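Let me begin by presenting the structure, written as structure tokens, before commenting on it.
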Amino acid sequence: MTTAALNNIEDQFANADVSTNEELWDFFIEELDMTAEQADAAVALRPEYLGQIFLTGHSLLFRDDTVSFDPNDKKFKSDDPLLPE
């Protein structure tokens, strides 16, 4: 998938919290020309996005070692312990 498509998916997850999974699935198929399998995989990641705020480009769509906001420390933290905080 293109970076633009991944950015669009990430944007939908961040901003379409009232949309149903079915509505997002339809959007991915109709607007992003994703296959049903790709749309299924994207929708399966949605719960992770509902519970976390990821640094742009450092989410599950882009990498295995994510960077998300820690509300307790009020800063972004990496899943990779080798990266400095």
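Readers should treat all values here as calculations from the given coordinates under stated rules, not as data from a laboratory. Here the structure is a predicted model, which is why all the values come from computation and not from measurement. Cβ: placed from backbone, ideal geometry, glycine included. Neighbour counts: every protein chain shown.
Things to note:
- Placing +1 on the Cβ of every Lys and Arg and -1 on the Cβ of every Asp and Glu, with no other charges, gives the chain a dipole of roughly 400 debye about its Cα centre.
- Mean separation of Cα pairs under 8 Å and 6 or more residues apart, divided by the residue count, gives region 3-78 a relative contact order of 23 percent.
- Degrees between helix 21-32 axis and first principal axis of the chain (Cα, 0 to 90, nearest 10): 80 degrees
- Per-residue ellipticity at 222 nm computed for the chain from its helices equals -14000 deg cm²/dmol, with DSSP H segments shorter than 4 residues left out and the rest contributing -39,500 (n - 2.57).
- Positive-pole candidate from Phe69, Leu32, Asn15, dipole of the chain, charges at beta carbon: Phe69
- [x] 1.00; [y] 1.05; [z] 1.56, with the label sought being that of the calculated Rg/Rh (Cα atoms, Kirkwood Rh): [x]
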